[in-house]
Amino acid sequence: MGVIGTKDDEHVNAALVNAIRGAKRADQESEIIKRFVMIGNPRRVRRLSKKLPFLKGYANGKEEAESALRQYFHERGCIIKPSFIYGGDGINIQPPRIPNDLGNIASEVLGMYPLQALSDLLPDALAVPLSPPVSVEVVAAAAINVALGIVDGYTDELEGKEVITMAGTVRSWKDKIRYEKWVRENYEDVEDKTLSNEVCSVDLTVHFSGEELHQKRIKELKSQILLQGQAKHRDEGNFGLTDLMEELECMRPSSMQPAYDPKLNGKWNFVLSKVDLGTSLIKELLPLENISSGGQSSATPLWKTLLNNFYELKGLFMRIYDEQSRVQIVLSSILCFRKIPVDIVFTTSLLTTNYDEENEGCLFLERFESVEIGGWKVPIPHTWQRFRYLEITYLDDEVMIARGSGGDPHVLIRDNA
């Protein structure tokens with residue numbers, strides 16, 4: 001990881017070179033080491049650190065270790081480069097660390113398009129503090145996934161929040177599919193085997209119990225997801241909904257390719273299941289009947305009553321069109337004492353990309369294109385047109401599960417009205 005504030009930061013941080021050389025010696029005869037993963041620094045952090053006396057030794061030591069990894073392990077080496085890592089419960093000066101609560105907020109706010117576009121234009125001293133931090137759990141998960149070889153695509157360097165998060169949130173259903181394949185290859189009479197608890201119910205139904213039970217389980221999962229969405233059980237974050245979504249992802253047939261499937265087009269309603277800054281804000285702005293679970297109603301806060309005189313959010317949905325190549329996020333709104341209806345529309349474009357043949361047609365690059373307010377196109381800087389990952393992990397006539405660069409699953413329900 002690296003340390004700061006020792007008597008000799010350069011030598012301490014360069015000590016990893018010895019570990020790399022030792023690993024190479026052990027690896028020379030049989031190449032037993034498949035991947036060597038280390039934590040490095042983004043280029044802008046490295047340049048800035050070298051200009052600051054108290055960070056120069058740290059930066060030089062890290063640079064020596066990275067050079068050694070490239071020299072000895074070439075494409076088998078991976079350098080993960082977060083700008084800043086957060087985690088834990090407290091604020092630390094040595095090593096510098098902020099807790100999860102503050103880190104989550106900073107990561108979401110600093111990850112917004114305008115701030116990222118601004119940081120691209122600024123010198124290192126101003127840009128580095130605007131880089132979104134990455135959770136220590138995600139960095140650790142990315143390192144483990146790369147070392148295990150379950151991250152596909154280019155892994156020589158993983159730089160920045162989105163790429164690291166994508167590697168750290170490799171889908172659980174991919175691991176289960178690989179495990180199932182291993183079971184089938186090693187047990188001819190797998191139907192008669194008593195499998196361990198490590199095998200999930202998906203494994204038992206999809207491959208071991210026949211297509212009928214497979215389809216039955218899909219219907220059960222969808223019914224539970226649709227029930228939660230239609231009943232609007234949103235107040236507590238839908239903690240069980242994530243488990244339902246991940247199991248439904250496991251049931252996805254290999255032939256499912258949303259990028260080429262017209263079913264992806266249409267109007268989709270969000271089930272606000274995440275507990276994050278953006279989702280919490282949407283929940284606060286939406287009318288109470290859109291987010292409560294029924295029964296007792298809560299009084300409208302004074303601030304919301306005052307705000308609704310000028311702006312009221314009535315609904316939120318996604319529209320996909322133009323042969324699965326365009327996305328609109330629509331905020332149906334009312335302005336000026338509920339007299340002027342206005343739609344605020346954020347438009348993005350989709351470009352199909354793949355990280356492996358097994359999952360072709362599921363992964364997109366999504367680029368921010370425009371903002372419209374009441375049909376009027378708002379001028380935006382060209383630097384806002386950035387790419388982010390979007391993965392559609394399940395799709396049928398009623399339900400879609402999508403994962404953005406953050407890795408968390410979102411469930412959407414088709415609006416047939």
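The values are calculated or read from the model by the stated rules, or taken from the named source; none is laboratory data. Everything numeric here is computed off the predicted structure, so don't read it as measured data. As a convention, Cβ positions derive from the backbone with ideal geometry for all residues, glycine included, and neighbour counts pool all protein chains shown. Accessible surface is based on the protein model in full, side chains and every heavy atom, while ligands, DNA and RNA are left aside. Shrake-Rupley method; radii C 1.70, N 1.55, O 1.52, S 1.80 Å.
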* To do: Place the peptides 387-395, 22-30 in order of packing, highest mean first, counting for every residue the other Cβ atoms within 10 Å and averaging per peptide.
  => 387-395, 22-30
* **Relative packing of 33-42, 10-19, 373-382, 55-64, which averages over residues the other C-beta atoms within 10 Å, highest first** => 55-64, 33-42, 10-19, 373-382
* Karplus-derived 3J(HN,Hα), 6.51/-1.76/1.60, for each residue of segment 248-257, Hz, glycine and proline x -> 5, 4, 4, 7, 4, x, 5, 7, 6, 10
* To do: Report, by chain and number, residues whose modeled amide H sits under 5 Å from the one on E157, excluding near sequence neighbours (fewer than 5 apart, same chain).
  => I79
* Linear extension gain, K50 paired with S223, 0.36 nm per residue minus alpha-carbon span -> 56.6 nm
* Structure fact -> Net charge (Lys, Arg +1; Asp, Glu -1) of residues whose beta-carbon lies under 12 Å from that of V330, V330 excluded, is 0
* Under the Karplus curve 6.51 cos²θ - 1.76 cosθ + 1.60, θ = phi - 60°, whole-Hz ³J(HN,Hα) for segment 121-132, x wherever Gly or Pro sits -> 8, 8, x, 4, 4, 9, 6, 4, x, 8, 6, x
* Structure fact -> On the accessible surface of segment 1-112, probed at 1.4 Å with all protein chains in place, carbon and sulfur together account for a percent value of 57
* In this model, which of K222/K267; K7/K50; K24/K50; K7/K161; K62/K161; K81/K222 are farther than 27 Å apart at the alpha-carbon? -> K24/K50; K7/K161; K81/K222
* Derived scalar couplings ³J(HN,Hα) [segment 49-54; Karplus, 6.51 cos²θ - 1.76 cosθ + 1.60; whole Hz; x for Gly, Pro] -> 4, 5, 8, 9, x, 6
